[in-house]
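Some notes on the structure that comes next.
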Amino acid sequence: MSLVLLERPDPEIAVIRMNRPDAMNALSTPTREELAARFEEAMANDEVRVIVVTGNEEVFVAGADLKELSTKTTVDWAFSDARRVWRIIGACPKPIIAAVNGFALGGGCELALHCDIIVAGEKAKLGLPEISVGVMPGGGGTQRLTRTIGKYKAMKMMLTGEWVTSQEACDMGMISEVVADEKVLDRAMEIARKISKMPPLSVKLIKEVTLAGMDASLETGLILERKAFETLFSTLDQTEGAMAFIEKRKPSFTGN
């Protein structure tokens, strides 16, 4: 049985589904390897414009596999490539939407934080509780959560191991929106379909410039934005968008 599934509900959309329900989708080494492979597959397919990552109705990802974690030593971690999956997802040029039901804890929360948009159900719980088992976030959580909600809220969550509800997460800017639990994937797909109809080069550059600018000065970020903005005026999609507006019709963007 595949631990991570790749589904194509639409030609332009790939759904990456965690599929380890007997272990609450915990991120074991094989699960991380399959997750990395599914992302590489979706990224390599030029037809795919948007990626949605989800779990099941009960859980997104409950964290690391604690049974496996208990057997690891410092040497094991030093010579493993556990961070490979995070490098691959972090480098994905396509928009990633997380559809979160249930628990998104530890590595599950970090997986969501790697995404560009997070839609969560009303009963979802998010957090980085690694401290409660004697370790700490190791998949980018200390950096991504702090950049998302600020030092003081992030420190409180990580140092106490406390979870937050989806509404609390939304209020602090940690996720995009909260919907009824049964509507989570539908809403994520609705957003994905809307993005998939946008000009692919514009989508790519918006993500690229936004993420690069987060770690740069305002001046540098504005330079990156200006260069990307100017680049788009040499594309066929820019011409198509302008003509469609003038002719009062829907544009058809091709990525050229």
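Only the coordinates and a few stated rules stand behind these numbers; no lab work does. What you see is a predicted model; the values in this text were computed from it and never measured. Glycine also receives a Cβ, built like all others from the backbone with ideal geometry; neighbour counts cover every protein chain displayed.
Of note:
- Zone residues, segment 100-131, relative to residue 5, backbone N less than 17 Å from point 7 Å out along Cα-to-Cβ: 100-101
- Value of relative contact order over the chain, rounded to a whole percent, pairs C-alpha under 8 Å and six or more apart: 15 percent
- Here the simple spin-label model places points 7 Å from the Cα toward Cβ, and for residue 214 and residue 159 these points are separated by 2.3 nm.
- Using the Karplus relation 6.51 cos²θ - 1.76 cosθ + 1.60 with θ = phi - 60°, the per-residue 3J(HN,Hα) values for segment 171-186 come to 4, 8, x, 7, 10, 7, 7, 10, 9, 4, 3, 6, 9, 4, 5, 4 Hz, with x marking Gly and Pro.
- Note on 187, 249, 8: ascending count of other Cβ atoms within 10 Å places them as 249, 8, 187, the fewest first.
- Cα shape, segment 4-196, gyration tensor, a/c 1.5 rule: oblate
- Shape class of segment 200-246 from the Cα gyration tensor (axes a ≥ b ≥ c, square roots of the eigenvalues): prolate, since a/c reaches 1.5 or more and a/b is larger than b/c.
- Dipole of the chain, positive end: most advanced residue of 113, 206, 36 [Cβ charges, Cα centre]: 206
- Residue 53 long-range amide H proximity, modeled H, under 5 Å: 16, 97, 98, 99
- In a fully extended conformation the segment linking residue 146 and residue 194 would gain 14.4 nm over its present Cα-Cα distance, using 0.36 nm per residue.
- Exposure proxy ranking, count of Cβ atoms within 10 Å, fewest first, for 17, 226: 226, 17
- Summary of packing: across the peptides 114-127, 135-148, the per-residue average of other C-beta atoms within 10 Å ranks them, highest first, as 114-127, 135-148.
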